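S.K.: One structure coming up, written as structure tokens, with questions to follow.
The values are calculated or read from the model by the stated rules, or taken from the named source; none is laboratory data. Not measured: the values here are computed from a predicted model. Cβ: placed from backbone, ideal geometry, glycine included. Neighbour counts: every protein chain shown.
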Amino acid sequence: MKRAIPAVISAATALTLVLAGCGGGDEPVDPNAPVTITLAGWSLSSTPEFKTLADGFKASHPNVTVELKEYAPGNDYDTQMITDLAAGTAPDVYVMKNLKNFYTYQSGGQLLDVSDTTSGLGSSPALASYQVDGKAYAVPYRQDSWVLFYNKDLFAKAKVAPPDGSWTWDDYTDATKRLHTGLKGAGSKATGAYQHTFQSTVQGFALAQTPNADLLSGDFGYLKPYYERSLDLQAAGAQPTFGTAKTNKLTYQAQFGKQQSAMLLMGTWYVATLLNQRQSGDADKFQWGIAPAPQFDKSTTGTSATPVTFGDPTGLGINPKISKSKTAAAKAFLQYAAGPDAGKALAGIGITPAQVTDAVTASLFGLDGVPQDELSKFAYAKHTIKPENPVSKHTAGLQNLLNETHSAILSDSKGVDAELSKAQDRAKNEVLNQ
Amino acid sequence: MTATDLSTPVPAVVAPGNRAPRRPVRSLGGRILGYAALALAAAGLLLPFFWMVVASLKTNNDVFTIPITWLPDPVVWRNYLDIWQRSDMTTWLWNTLLLSVIVTFLQVFTGSFAAYGFARVRFPGRNLLFLAYVGTIAVPWQSYMIPQFILMSKLHLSNTLWSIVAIQAFGAIGVFLMKQFYETIPEELSEAARVDGLSEYGIYRRIILPLSRPALASLALLMFTTTWNDYLGPLVYLRSPELRTIQLGLNTFISQYNAEYALIMTGSVLSVLPVAVIFLLGQRYFIEGVASTGLKG
Amino acid sequence: MATLPRTRPRNRRLVSRNTVAGWSFILPNFLGFAALTLLPVVVLFYVAFTNWNVFGVAEWTGTANFRRMWDDSSFWTALRNTVYYAAFHIPLTLAAALGLALLLNRKLRGVRFFRTIAFFPYITSIVAIAVVWNQLFSPEYGPINALLGAVGVDDPPGWTASATWSMPAVIIVGTWRYMGYYMLLFLAGLQTIPAQLYEAAETDGASPWQRFVHVTLPGLRTTTFFVTVLLTIESFKVFDLILVMTGGGPGQSTLVLSQYIYQKGFEENQFGYASAVSIVLFAICFGITVIQFMVNKRRNS
């Protein structure tokens, strides 16, 4: 309650404080005593990364215990975290799922300056995203990137040549259609590709790959060719329509894992999920591979070039209300989580850490069930990753607006041009002028 | 239900002509027509529910098929065993039951008491106060939940089941509903009692409460269902997994097993059953009840 | 007339005694209500005139939020959609609930079972409802469109996957979900209509329709009023149903005010603005309710 808050609330809370008879913080006196810091996570039983980090840190810092606090999954995580931070009941260390929300927390004064933890972490672009006015407010512990997952068995069945790293989007569209006819001819009901309902599946690539594309400019013309290809594939029946995916609540895990679609553009987090589901029987066991995402043009294709893709880092930040005696331990934890040791541990459970080193790639590709071909390793390790949500005051507003545009275009109501120009008008009049 | 007129003690003060025996349907044609209409309405109402039950008895891969299959083949009863092992269904049900009972009790008790004050005692500022009650019903909760949450956290109530009790138990709906009921009870009753020297509390306890017992049952049922179904409240206030309610639990279950729709449907069916049973048991009081308080036009 | 001066002090005493009695009845509920609902609502009215960002920093901005709303086309879209929903949901639910209540107010075997069934939609988890209905509405594979195709509709609607039909789909589900709840209130009202009135009407040779218009409807006036007030507020505040069914889409076709408030507050960190929109939503609900109260009062007298 250090900041200026509405007078009414402070009066009310003062009253309730008296009623509740509670006082200020309780600071432990002895700095050498065992410390417990709390860390927010979600779906702890099915998301092992938090426990991996906590255990790994404990091994090198035996006096520090990282206690996990469970939050709701999905968007509900942020709802709960925002209310907890507003009320001062949030844990010491918490996760920012993407950069869209980072701005909310940072500008709201809910992140401690952690610049001193970033010294040993080099200068990755992910790190830069968390810097405001030269100070770092969070560190990345995961950096997923979007790649193309493909089913080798289905490609063979359809007699279509699998991806070789040279694909542009036109090649991808063409291959999807040929897969569709090929699979149909072979008596399979699988579709050529599955495009999940996320706006990222179109907009993330368009923003990252199109030269001079800028979300914050409010000019969304760069989205047009990407949407036209999606609509083309929908119309050809080569991928389930947006409407079908929405109304039947199709999940990308089942679409790809149960071999209902031969290709899937998705973030690298899906590697861990797919491996788990193969174990549990929720996914079939088939030959699969990873290829670089299709590219804007030929200049970034081929294994001698560096493909461009997108992905937001997942970051850890410290709650400014943490008691002073715990700050050092929390910062040490951040340093560990963003560093190479945690990276190897995370790769061991199929998670892509903030820095993909050779050791990380080796560790991930050493897991049972991961494809061993060179293209998969290349796609996993080599790329330029651009953020999906460039950090700014207007990002959340623009992304919400573009999410509405996404569903409007793909449900094919008024056409790409009309919807994009409407989005541009709204961006100008409702978001960028604020 | 046919014994409506006999089973409840008819309050002597209500004029007999005021009571409405349910009209018997005389002709066979009318009866058949009635059943046909009922069957049709029930089919429409139940179609989605039927689909839910069917889906809960299918294997996961059979839930979404093209074209849709209307009967499970084979019937998978296993889902109803699996769900207890793969989720904390017992904890969720217990928490929700506990909450619903406490909230219902408090809401009925304080709500009916306050409603009597609003309906029967004339004092300055009463109407303004009542307007404030009705007014807050019109404010969407998500817009004031942050100030409320801050308050509750200062009281150290957040992340306890008490927080849900606190936010649900003093709602305005119960007061509004009970006030409507009380206003239909003839004023002369209280007048007569006042002449006999009964205090307002005495009138409430001796005259009004017995008359409105069934109305209270109806409020209790509605409150129980509302608390049972609440999602946003528990989402905002509860963190610890062992405090989860059924709706919150179901939702985490869904995100955990995102593709397992058969199990999700099993969970949904199980979450409906307890309320359905309570409703079936309680509806005798519920429906008769309203009749004997004489909610009349 | 001579007694007039004497009644005054008695009245005053009566008033103060009544005030004490009245407050003592209201107090147990009012304490909780004032602290946990009224106080936060008052804070909300303050916040609506600031640029509060959820976490603390709030500056008084006067009517800036309301002026911004005036030029915000998304706000108007949300308002239009909310009115669209309410305009159909209120009469449809009223009619369906009343119809069901009339049906279930008969002495038929199994009527108790049917009443429970009618209440099922209301007690079913909203998440399950969204999953099931979305599937039933699925444009290509859903049973609803299969049925429409079978009765000769060539070009069945796209329902939740189409900007034109998503709102009707949501209205259908909303009506389906809530009619059981209001049916019970109507059922309660119906049972209090004296049977003699029907008998008298029958003796006069009134047709079933005439009996409905001249006996049933007037007899249900209090209930209808109460149901309409609740239904109005519920319709304008509709939130979770739309959130899980369509998420406001496709495009902005089912974006409603409550959802817009949530979006601006929790997703875009503009709690001051979100509060201002809430005030407008509140004013609309409250205004309509007060009008309903006044109309009801005039009719009663």
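S.K.: Just to check your reading of the model, which residue among A:Ala359, A:Ala337 is within 23 Å of the chain's Cα centre (by Cα) and crowded, with 19+ Cβ neighbours inside 10 Å?
M.R.: One residue alone meets the criteria, A:Ala337.
S.K.: Would you mind telling me which numbered condition in (1) assigned to a helix (DSSP H, G or I); (2) within 14 Å of chain C (Cβ to nearest Cβ); (3) more than 19 Å from A:Asp174 (Cα to Cα); (4) not hydroxyl-bearing (Ser, Thr, Tyr) A:Lys249 fails?
M.R.: All conditions pass for A:Lys249, except number (1).
S.K.: Right, here's the next one. Would it be correct to say that B:Val75 is more than 8 Å from chain C (Cβ to nearest Cβ) and either modelled with pLDDT of 85 or more or in contact with a strand residue (DSSP E or B) (Cβ under 8 Å, 6 or more places away or on another chain) (or both)?
M.R.: Taking the combined requirement at face value, the residue does not satisfy it.
S.K.: Determine which single condition B:Gln107 fails, assuming it passes every other condition in (1) in contact (Cβ under 8 Å) with a residue 60 or more places away in the chain; (2) within 12 Å of another protein chain (Cβ to nearest Cβ); (3) over 18 Å from B:Gly174 (Cα atoms); (4) of a type outside the set (A, V, I, L, M, F, W, C).
M.R.: Just one mismatch for B:Gln107, condition (3).
S.K.: For region C:51-58, does any single residue satisfy the condition of being more than 25 Å from the chain's Cα centre (by Cα), in a helix (DSSP H, G or I) and more than 9 Å from chain B (Cβ to nearest Cβ)?
M.R.: Looking through region C:51-58, none of the residues is more than 25 Å from the chain's Cα centre (by Cα), in a helix (DSSP H, G or I) and more than 9 Å from chain B (Cβ to nearest Cβ).
S.K.: Sticking with this structure for a sec: Condition (residue is surrounded by fewer than 21 Cβ atoms within 10 Å (Cβ to Cβ) and not in a helix (DSSP H, G or I)) applied to region B:217-225: is it met by at least one residue?
M.R.: No - not one qualifying residue is present in region B:217-225.
Per-residue answers, yes or no, for (1) within 27 Å of C:Leu190 (Cβ to Cβ); (2) at pLDDT below 85; (3) of a type in the set (S, T, N, Q):
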| residue | (1), (2), (3) |
| --- | --- |
| C:Thr224 | yes, no, yes |
| C:Lys237 | no, no, no |
| C:Val244 | no, yes, no |
| C:Ser253 | no, no, yes |
| C:Tyr260 | no, no, no |
| C:Glu267 | no, yes, no |
| C:Ser275 | no, no, yes |
| C:Ala283 | no, no, no |
| C:Val290 | no, no, no |
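S.K.: Quick one: would you say C:Asn81 is within 30 Å of A:Ala423 (Cα to Cα), in contact with a Leu (Cβ under 8 Å, 6 or more places away or on another chain) and away from chain B (no Cβ under 12 Å)?
M.R.: yes
S.K.: Suppose we keep only residues that are surrounded by 19 or more Cβ atoms within 10 Å (Cβ to Cβ) and more than 9 Å from every other protein chain (Cβ to nearest Cβ) within region A:400-420. Which one would you say is nearest to A:Lys246 (Cα to Cα)?
M.R.: So, considering only residues that are surrounded by 19 or more Cβ atoms within 10 Å (Cβ to Cβ) and more than 9 Å from every other protein chain (Cβ to nearest Cβ), the one nearest to A:Lys246 (Cα to Cα) is A:Leu402.
S.K.: Of the numbered conditions (1) at pLDDT below 85; (2) more than 24 Å from B:Leu151 (Cβ to Cβ), A:Thr16 fails exactly one; give the number of that condition.
M.R.: (2)
S.K.: Also: Please name all residue pairs, on different chains or six or more residues apart, with Cβ atoms under 7 Å, provided the first residue is in region A:157-185 and is part of a loop (DSSP other than H, G, I, E, B) and the second residue is hydroxyl-bearing (Ser, Thr, Tyr).
M.R.: A:Pro162/A:Tyr150; A:Pro163/A:Tyr150; A:Gly165/A:Thr301; A:Gly165/A:Thr303; A:Ser166/A:Thr301; A:Trp167/A:Thr301
S.K.: In the list C:Leu190, C:Leu197, C:Leu184, which residue meets the criterion of being farther than 20 Å from B:Leu38 by Cβ and aliphatic (A, V, I, L, M)?
M.R.: The conditions single out C:Leu197.
S.K.: Please verify whether region B:211-223 includes one or more residues that are at positive phi and at pLDDT 80 or above.
M.R.: no
Residue-by-condition table, conditions (1) in contact (Cβ under 8 Å) with a residue 12 or more places away in the chain; (2) more than 7 Å from chain C (Cβ to nearest Cβ):
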residue: B:Arg120; (1), (2): yes, yes
residue: B:Ala132; (1), (2): no, no
residue: B:Tyr144; (1), (2): no, no
residue: B:Met152; (1), (2): yes, yes
residue: B:Asn159; (1), (2): yes, yes
residue: B:Ala166; (1), (2): yes, no
residue: B:Leu177; (1), (2): yes, yes
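S.K.: Of the conditions (1) under 25 Å from A:Thr197 (Cα atoms); (2) in a loop (DSSP other than H, G, I, E, B), A:Met263 clears all except one; give me its number.
M.R.: (2)
S.K.: Here's a follow-up. Could you identify the single residue in C:Glu234, C:Glu267 that is acidic (Asp, Glu) and under 18 Å from the mean Cα position of the chain (by Cα)?
M.R.: Only one candidate qualifies: C:Glu234.
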